[in-house]
Amino acid sequence: MTQHAADTAFASQPPGSASSAPRRTSHVPRVLTAAMPRYVAKRLGQSALAVFLTLTTVFVLIRMAPGDPAYSMAGPLATTDDLARIRADMGLDQSVFTQYLLYLRGLLHLDLGTSYSFQAPAFDVVLARLPYTITLAVSAIVLTTLVSIPLGVWMARRADTRRELGANVVTIAGQSMPDFWTGLMLITLFAVLIPVFPAAGFTTWSSLVLPTVTVAVLQIALISRMVRREMVGAFSSPYMTVARARGVSERELIWRYALRNSAIPVLTALGTRFASMLNGVVVVEVVFAWPGVGSLVVRALETRDYPLIQATVLVTAVLAVLVQLVVDLCYPLLDPRVRLGKGTNK
(Lines give C-alpha, C1' and ligand atoms only; values in the text may rest on other atoms or scores of the structure.)
Protein backbone atom coordinates (compact mmCIF):
# COMPACT_ATOMS: atom_id res chain seq x y z
CA MET A 1 0.00 0.00 0.00
CA THR A 2 1.42 3.38 -1.01
CA GLN A 3 1.39 6.33 1.34
CA HIS A 4 -1.22 8.08 -0.85
CA ALA A 5 -3.49 5.02 -0.79
CA ALA A 6 -3.06 4.71 2.95
CA ASP A 7 -3.97 8.35 3.45
CA THR A 8 -7.03 7.97 1.24
CA ALA A 9 -8.24 4.83 3.01
CA PHE A 10 -7.52 6.32 6.40
CA ALA A 11 -9.57 9.41 5.60
CA SER A 12 -12.48 7.31 4.29
CA GLN A 13 -13.02 5.51 7.60
CA PRO A 14 -16.39 6.18 9.28
CA PRO A 15 -16.44 8.85 11.97
CA GLY A 16 -16.81 6.26 14.75
CA SER A 17 -13.80 4.14 13.77
CA ALA A 18 -10.62 4.29 15.77
CA SER A 19 -8.65 5.51 12.77
CA SER A 20 -10.42 8.84 12.93
CA ALA A 21 -10.06 9.13 16.71
CA PRO A 22 -8.95 12.82 16.70
CA ARG A 23 -12.46 13.75 15.49
CA ARG A 24 -14.23 11.91 18.33
CA THR A 25 -14.16 14.58 20.98
CA SER A 26 -16.03 17.19 18.96
CA HIS A 27 -19.18 15.03 18.85
CA VAL A 28 -19.42 13.88 22.45
CA PRO A 29 -20.54 17.12 24.17
CA ARG A 30 -23.28 17.70 21.57
CA VAL A 31 -24.56 14.13 21.91
CA LEU A 32 -24.60 14.22 25.66
CA THR A 33 -26.08 17.68 26.12
CA ALA A 34 -28.79 17.25 23.49
CA ALA A 35 -30.05 13.76 24.25
CA MET A 36 -29.15 13.06 27.85
CA PRO A 37 -32.06 14.72 29.76
CA ARG A 38 -34.77 13.05 27.69
CA TYR A 39 -32.93 9.74 27.64
CA VAL A 40 -32.36 9.77 31.42
CA ALA A 41 -36.03 10.58 32.03
CA LYS A 42 -37.10 7.75 29.73
CA ARG A 43 -34.75 5.25 31.31
CA LEU A 44 -35.77 6.26 34.82
CA GLY A 45 -39.40 5.66 33.87
CA GLN A 46 -38.55 2.26 32.42
CA SER A 47 -36.47 1.43 35.48
CA ALA A 48 -39.26 2.43 37.86
CA LEU A 49 -41.66 0.18 35.95
CA ALA A 50 -39.15 -2.70 36.03
CA VAL A 51 -38.63 -2.30 39.77
CA PHE A 52 -42.40 -2.15 40.38
CA LEU A 53 -43.03 -5.32 38.35
CA THR A 54 -40.16 -7.07 40.12
CA LEU A 55 -41.53 -6.17 43.54
CA THR A 56 -45.02 -7.27 42.55
CA THR A 57 -43.74 -10.59 41.23
CA VAL A 58 -41.74 -11.23 44.39
CA PHE A 59 -44.76 -10.29 46.54
CA VAL A 60 -46.89 -12.90 44.78
CA LEU A 61 -44.25 -15.63 44.58
CA ILE A 62 -43.22 -15.58 48.24
CA ARG A 63 -46.85 -15.93 49.27
CA MET A 64 -47.31 -18.84 46.90
CA ALA A 65 -44.22 -20.60 48.25
CA PRO A 66 -44.74 -23.34 50.85
CA GLY A 67 -44.18 -22.46 54.48
CA ASP A 68 -45.85 -20.35 57.14
CA PRO A 69 -44.08 -17.34 58.67
CA ALA A 70 -46.25 -17.65 61.77
CA TYR A 71 -45.14 -21.25 62.28
CA SER A 72 -41.51 -20.24 61.81
CA MET A 73 -41.92 -17.57 64.48
CA ALA A 74 -43.95 -19.62 66.96
CA GLY A 75 -42.04 -22.88 66.70
CA PRO A 76 -43.24 -26.50 66.62
CA LEU A 77 -44.97 -26.33 70.03
CA ALA A 78 -47.32 -23.50 69.07
CA THR A 79 -51.05 -24.04 69.38
CA THR A 80 -53.68 -23.11 66.84
CA ASP A 81 -54.59 -20.04 68.87
CA ASP A 82 -50.95 -18.98 69.00
CA LEU A 83 -50.62 -19.26 65.22
CA ALA A 84 -53.83 -17.31 64.68
CA ARG A 85 -52.67 -14.52 66.99
CA ILE A 86 -49.26 -14.29 65.29
CA ARG A 87 -50.85 -14.20 61.84
CA ALA A 88 -53.11 -11.37 62.98
CA ASP A 89 -50.12 -9.43 64.34
CA MET A 90 -48.31 -9.89 61.03
CA GLY A 91 -51.37 -8.97 58.98
CA LEU A 92 -51.39 -12.38 57.32
CA ASP A 93 -54.99 -13.04 58.30
CA GLN A 94 -56.17 -10.60 55.61
CA SER A 95 -56.67 -11.42 51.95
CA VAL A 96 -53.66 -11.32 49.63
CA PHE A 97 -55.18 -8.41 47.70
CA THR A 98 -55.59 -6.39 50.91
CA GLN A 99 -52.02 -7.22 51.89
CA TYR A 100 -50.87 -6.05 48.46
CA LEU A 101 -52.69 -2.71 48.78
CA LEU A 102 -51.19 -2.16 52.22
CA TYR A 103 -47.80 -3.08 50.81
CA LEU A 104 -48.11 -0.51 48.00
CA ARG A 105 -49.15 2.17 50.47
CA GLY A 106 -46.14 1.43 52.64
CA LEU A 107 -43.89 1.34 49.58
CA LEU A 108 -44.78 4.93 48.74
CA HIS A 109 -43.44 5.95 52.16
CA LEU A 110 -40.50 3.50 52.08
CA ASP A 111 -42.19 1.64 54.93
CA LEU A 112 -41.83 -2.02 54.04
CA GLY A 113 -42.95 -3.31 57.39
CA THR A 114 -41.19 -4.82 60.39
CA SER A 115 -38.83 -7.73 59.94
CA TYR A 116 -40.14 -10.84 61.66
CA SER A 117 -36.63 -12.01 62.51
CA PHE A 118 -35.02 -8.77 63.68
CA GLN A 119 -38.12 -6.99 65.04
CA ALA A 120 -36.94 -3.82 63.35
CA PRO A 121 -37.94 -1.91 60.21
CA ALA A 122 -37.00 -4.17 57.29
CA PHE A 123 -35.67 -1.28 55.20
CA ASP A 124 -33.28 -0.24 58.00
CA VAL A 125 -32.04 -3.82 58.41
CA VAL A 126 -31.16 -4.00 54.70
CA LEU A 127 -29.48 -0.60 54.69
CA ALA A 128 -27.33 -1.66 57.65
CA ARG A 129 -26.04 -4.67 55.67
CA LEU A 130 -25.74 -2.91 52.32
CA PRO A 131 -22.33 -1.22 52.88
CA TYR A 132 -20.68 -4.63 53.34
CA THR A 133 -22.07 -5.92 50.05
CA ILE A 134 -21.11 -2.71 48.23
CA THR A 135 -17.58 -2.91 49.65
CA LEU A 136 -17.19 -6.51 48.48
CA ALA A 137 -18.70 -5.77 45.05
CA VAL A 138 -16.54 -2.70 44.42
CA SER A 139 -13.33 -4.43 45.47
CA ALA A 140 -14.17 -7.47 43.32
CA ILE A 141 -15.02 -5.44 40.21
CA VAL A 142 -11.87 -3.31 40.61
CA LEU A 143 -9.71 -6.43 40.89
CA THR A 144 -11.53 -7.96 37.93
CA THR A 145 -10.94 -4.89 35.76
CA LEU A 146 -7.27 -4.51 36.68
CA VAL A 147 -6.50 -8.15 35.92
CA SER A 148 -8.89 -9.20 33.16
CA ILE A 149 -8.29 -6.36 30.67
CA PRO A 150 -4.47 -6.63 30.56
CA LEU A 151 -4.78 -10.42 30.56
CA GLY A 152 -7.26 -10.32 27.67
CA VAL A 153 -5.01 -7.97 25.69
CA TRP A 154 -2.01 -10.24 26.36
CA MET A 155 -3.98 -13.27 25.16
CA ALA A 156 -5.12 -11.42 22.03
CA ARG A 157 -1.58 -10.39 21.10
CA ARG A 158 -0.49 -14.01 21.41
CA ALA A 159 -3.55 -15.59 19.85
CA ASP A 160 -3.13 -19.18 18.64
CA THR A 161 0.26 -19.60 20.29
CA ARG A 162 1.38 -21.98 23.00
CA ARG A 163 1.46 -19.21 25.58
CA GLU A 164 -2.10 -18.23 24.76
CA LEU A 165 -3.13 -21.88 24.99
CA GLY A 166 -1.76 -22.02 28.53
CA ALA A 167 -3.66 -18.86 29.47
CA ASN A 168 -6.83 -20.34 27.96
CA VAL A 169 -6.44 -23.42 30.15
CA VAL A 170 -6.15 -21.21 33.24
CA THR A 171 -9.20 -19.09 32.35
CA ILE A 172 -11.31 -22.15 31.52
CA ALA A 173 -10.34 -23.61 34.89
CA GLY A 174 -11.40 -20.35 36.52
CA GLN A 175 -14.79 -20.56 34.82
CA SER A 176 -15.21 -24.18 35.88
CA MET A 177 -14.57 -23.74 39.60
CA PRO A 178 -17.72 -23.04 41.68
CA ASP A 179 -17.54 -20.06 44.03
CA PHE A 180 -18.03 -22.15 47.15
CA TRP A 181 -15.17 -24.52 46.17
CA THR A 182 -12.81 -21.61 45.43
CA GLY A 183 -13.71 -20.00 48.74
CA LEU A 184 -13.17 -23.19 50.72
CA MET A 185 -9.81 -23.80 49.05
CA LEU A 186 -8.67 -20.25 49.82
CA ILE A 187 -9.79 -20.60 53.44
CA THR A 188 -7.96 -23.92 53.76
CA LEU A 189 -4.77 -22.54 52.26
CA PHE A 190 -4.57 -18.96 53.54
CA ALA A 191 -6.55 -19.15 56.80
CA VAL A 192 -5.80 -22.65 58.08
CA LEU A 193 -2.54 -24.00 56.63
CA ILE A 194 -0.94 -20.55 56.25
CA PRO A 195 -2.91 -18.32 58.64
CA VAL A 196 -2.47 -15.02 56.82
CA PHE A 197 -6.07 -13.84 56.44
CA PRO A 198 -9.19 -14.25 58.61
CA ALA A 199 -11.42 -17.14 57.60
CA ALA A 200 -14.79 -15.50 58.19
CA GLY A 201 -16.58 -12.34 59.18
CA PHE A 202 -15.43 -8.74 58.85
CA THR A 203 -13.05 -7.72 61.59
CA THR A 204 -10.28 -5.89 59.72
CA TRP A 205 -9.72 -4.89 56.10
CA SER A 206 -7.67 -8.04 55.64
CA SER A 207 -10.97 -9.93 55.98
CA LEU A 208 -11.90 -8.52 52.57
CA VAL A 209 -9.07 -10.24 50.68
CA LEU A 210 -10.29 -13.83 50.46
CA PRO A 211 -13.95 -13.02 49.61
CA THR A 212 -12.79 -10.52 46.98
CA VAL A 213 -10.49 -13.02 45.30
CA THR A 214 -13.20 -15.69 45.43
CA VAL A 215 -15.71 -13.45 43.66
CA ALA A 216 -13.15 -12.14 41.17
CA VAL A 217 -11.77 -15.49 39.99
CA LEU A 218 -14.83 -16.36 37.90
CA GLN A 219 -15.29 -12.78 36.68
CA ILE A 220 -11.65 -12.50 35.58
CA ALA A 221 -11.96 -15.70 33.58
CA LEU A 222 -15.14 -14.50 31.85
CA ILE A 223 -14.08 -10.91 31.13
CA SER A 224 -10.54 -11.74 29.98
CA ARG A 225 -11.86 -14.20 27.40
CA MET A 226 -14.32 -11.56 26.18
CA VAL A 227 -11.54 -8.96 25.90
CA ARG A 228 -9.45 -11.47 24.01
CA ARG A 229 -12.25 -12.19 21.53
CA GLU A 230 -13.04 -8.51 20.93
CA MET A 231 -9.39 -7.55 20.56
CA VAL A 232 -8.66 -10.34 18.06
CA GLY A 233 -11.56 -9.07 15.96
CA ALA A 234 -10.27 -5.52 16.23
CA PHE A 235 -6.73 -6.52 15.20
CA SER A 236 -8.05 -7.96 11.92
CA SER A 237 -10.13 -4.87 11.08
CA PRO A 238 -9.25 -2.78 8.01
CA TYR A 239 -8.71 0.41 10.02
CA MET A 240 -5.92 -1.31 11.96
CA THR A 241 -4.16 -2.18 8.70
CA VAL A 242 -4.48 1.41 7.55
CA ALA A 243 -3.24 2.74 10.91
CA ARG A 244 -0.18 0.49 10.71
CA ALA A 245 0.51 1.81 7.20
CA ARG A 246 0.50 5.33 8.62
CA GLY A 247 3.21 4.31 11.08
CA VAL A 248 1.12 4.25 14.26
CA SER A 249 3.06 2.51 17.02
CA GLU A 250 1.99 -0.95 18.18
CA ARG A 251 1.35 0.33 21.70
CA GLU A 252 -0.99 3.03 20.43
CA LEU A 253 -2.73 0.58 18.11
CA ILE A 254 -3.53 -1.69 21.05
CA TRP A 255 -4.47 0.68 23.84
CA ARG A 256 -5.94 3.60 21.89
CA TYR A 257 -7.53 2.08 18.81
CA ALA A 258 -8.26 -1.63 19.30
CA LEU A 259 -9.16 -1.50 22.99
CA ARG A 260 -11.29 1.60 22.60
CA ASN A 261 -13.28 0.02 19.78
CA SER A 262 -13.76 -3.08 21.92
CA ALA A 263 -14.75 -1.14 25.02
CA ILE A 264 -18.56 -1.14 24.70
CA PRO A 265 -19.16 -4.92 25.00
CA VAL A 266 -16.51 -5.13 27.73
CA LEU A 267 -18.08 -2.24 29.66
CA THR A 268 -21.50 -3.86 29.28
CA ALA A 269 -20.19 -7.15 30.69
CA LEU A 270 -18.47 -5.40 33.60
CA GLY A 271 -21.61 -3.43 34.40
CA THR A 272 -23.76 -6.55 34.32
CA ARG A 273 -21.38 -8.46 36.58
CA PHE A 274 -21.16 -5.53 38.99
CA ALA A 275 -24.95 -5.30 39.18
CA SER A 276 -25.18 -9.00 39.97
CA MET A 277 -22.60 -8.56 42.73
CA LEU A 278 -24.66 -5.74 44.25
CA ASN A 279 -27.62 -8.13 44.33
CA GLY A 280 -25.63 -10.13 46.84
CA VAL A 281 -23.01 -12.76 46.19
CA VAL A 282 -25.02 -15.25 48.21
CA VAL A 283 -22.72 -18.29 48.13
CA VAL A 284 -19.56 -16.31 48.87
CA GLU A 285 -21.18 -14.36 51.70
CA VAL A 286 -22.43 -17.58 53.29
CA VAL A 287 -19.04 -19.33 52.95
CA PHE A 288 -17.16 -16.44 54.54
CA ALA A 289 -19.96 -15.44 56.97
CA TRP A 290 -19.85 -12.04 55.31
CA PRO A 291 -22.47 -9.71 56.89
CA GLY A 292 -23.89 -8.53 53.58
CA VAL A 293 -27.19 -8.60 51.75
CA GLY A 294 -26.64 -12.07 50.31
CA SER A 295 -26.43 -13.80 53.67
CA LEU A 296 -29.37 -11.69 54.83
CA VAL A 297 -31.49 -13.04 51.95
CA VAL A 298 -30.69 -16.60 52.99
CA ARG A 299 -31.86 -15.94 56.52
CA ALA A 300 -34.99 -14.15 55.31
CA LEU A 301 -35.91 -17.08 53.08
CA GLU A 302 -35.32 -19.61 55.85
CA THR A 303 -37.65 -17.75 58.23
CA ARG A 304 -40.20 -16.69 55.58
CA ASP A 305 -39.54 -13.09 56.55
CA TYR A 306 -41.75 -11.40 53.93
CA PRO A 307 -40.95 -7.75 54.78
CA LEU A 308 -37.21 -8.45 54.81
CA ILE A 309 -37.31 -10.28 51.47
CA GLN A 310 -39.28 -7.44 49.88
CA ALA A 311 -36.96 -4.77 51.29
CA THR A 312 -33.90 -6.65 50.02
CA VAL A 313 -35.39 -6.98 46.54
CA LEU A 314 -36.27 -3.28 46.45
CA VAL A 315 -32.79 -2.08 47.41
CA THR A 316 -30.88 -4.46 45.14
CA ALA A 317 -33.20 -3.87 42.17
CA VAL A 318 -32.78 -0.10 42.44
CA LEU A 319 -28.99 -0.45 42.61
CA ALA A 320 -28.97 -2.78 39.60
CA VAL A 321 -30.97 -0.44 37.36
CA LEU A 322 -28.84 2.55 38.41
CA VAL A 323 -25.68 0.69 37.45
CA GLN A 324 -27.14 -0.19 34.06
CA LEU A 325 -28.18 3.44 33.53
CA VAL A 326 -24.65 4.67 34.28
CA VAL A 327 -23.22 2.10 31.85
CA ASP A 328 -25.60 3.24 29.11
CA LEU A 329 -24.64 6.88 29.63
CA CYS A 330 -20.96 5.96 29.23
CA TYR A 331 -21.47 4.56 25.71
CA PRO A 332 -21.25 7.92 23.84
CA LEU A 333 -18.00 8.70 25.66
CA LEU A 334 -16.50 5.54 24.14
CA ASP A 335 -18.07 5.74 20.69
CA PRO A 336 -19.66 8.96 19.33
CA ARG A 337 -21.66 6.93 16.80
CA VAL A 338 -23.87 5.92 19.71
CA ARG A 339 -26.89 8.20 19.99
CA LEU A 340 -28.65 7.93 23.32
CA GLY A 341 -32.01 6.29 22.89
CA LYS A 342 -31.40 5.37 19.24
CA GLY A 343 -29.33 2.21 19.55
CA THR A 344 -25.66 1.56 19.34
CA ASN A 345 -25.18 1.50 15.60
CA LYS A 346 -26.64 4.80 14.49
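Side notes on the structure shown:
- Pair-distance distribution P(r) for region 214-346, from all Cα-Cα distances in 5 Å bins starting at 0: 2, 9, 14, 15, 15, 12, 10, 8, 6, 4, 3, 1, 1, 0 percent.
- Distant-in-sequence amide contacts of T114, defined by a placed amide H-H separation under 5 Å and a gap of 5 or more residues or a different chain, comprise A122.
- Applying 1/(1 + (r/R0)^6) with r as the Cβ-Cβ distance of S276 and A173 and R0 = 22 angstrom yields a FRET efficiency of 0.55.
- With all protein chains in place and ligands, DNA and RNA left out, the 1.4 Å accessible area ranks T316, T80 as T80, T316, largest first.
- Gain on full stretching of the segment that runs from V192 to V298 - 0.36 nm per residue minus C-alpha separation: 35.5 nm
- Helix-only mean residue ellipticity at 222 nm for the chain, each DSSP H run of n ≥ 4 adding -39500 (n - 2.57), per residue, nearest 500: -22500 deg cm²/dmol
- A Cβ-based charge dipole, computed about the Cα centre of the chain with Lys and Arg at +1 and Asp and Glu at -1, lands at about 1860 debye.
- With protein chains left intact and a 1.4 Å probe, residues in the chain average 51 Å² of accessible area per residue.
- Computed log₁₀ I(q)/I(0) - Debye formula, equal Cα scatterers, no solvent, region 168-249, q 0.15, 0.18, 0.21 Å⁻¹: -0.66, -0.79, -0.94
- Gaussian network model of the chain, Cα within-10 Å springs - most flexible of V313, V293, V196: V196
- Angle between the chain longest axis and helix 293-302 axis [Cα atoms, degrees, rounded to 10]: 40 degrees
- Compared with the dominant principal axis of the Cα atoms in the chain, helix 209-235 is inclined by about 30°.
- GNM top mover of M226, M177, M64 - the chain, alpha-carbon springs below 10 Å: M64
- Solvent-accessible surface (1.4 angstrom probe) belonging to F97, in square angstrom, nearest 10: 140 Å²
- GNM on the chain, alpha-carbon springs under 10 angstrom: the most fluctuating residue among A156, A216, A245 is A245.
- Folded to 0 to 90 degrees: helix 96-108 orientation relative to the chain principal axis, Cα: 60 degrees
- Considering only S276, V242, A289, and ranking their Cα positions along the charge dipole of region 240-290 that arises from unit charges at the beta-carbon of Lys, Arg, Asp and Glu, the one farthest toward the positive end is V242.
- Note that region 32-85 carries a Kirkwood radius of 14.8 Å, evaluated over its alpha carbons pair by pair.
- Most positive-pole-ward Cα, Q175, Q310, V96, against dipole of the chain from beta carbon charges: Q175
- Look at the dipole of the chain built from charges on Cβ: of I254, G113, Q324, the Cα furthest out on the positive end belongs to I254.
- Shown are T135, T144, whose ranking by accessible area with a 1.4 Å probe and every protein chain present, most to least, is T135, T144.
The values are calculated or read from the model by the stated rules, or taken from the named source; none is laboratory data. Please read these numbers as outputs of a predicted model, since none were measured by experiment. All Cβ positions, even for glycine, are placed from backbone atoms using ideal geometry, and neighbour counts span all protein chains on display. All accessible areas refer to the heavy atoms of the entire protein, side chains included, with ligands and DNA or RNA removed. Shrake-Rupley method; radii C 1.70, N 1.55, O 1.52, S 1.80 Å.
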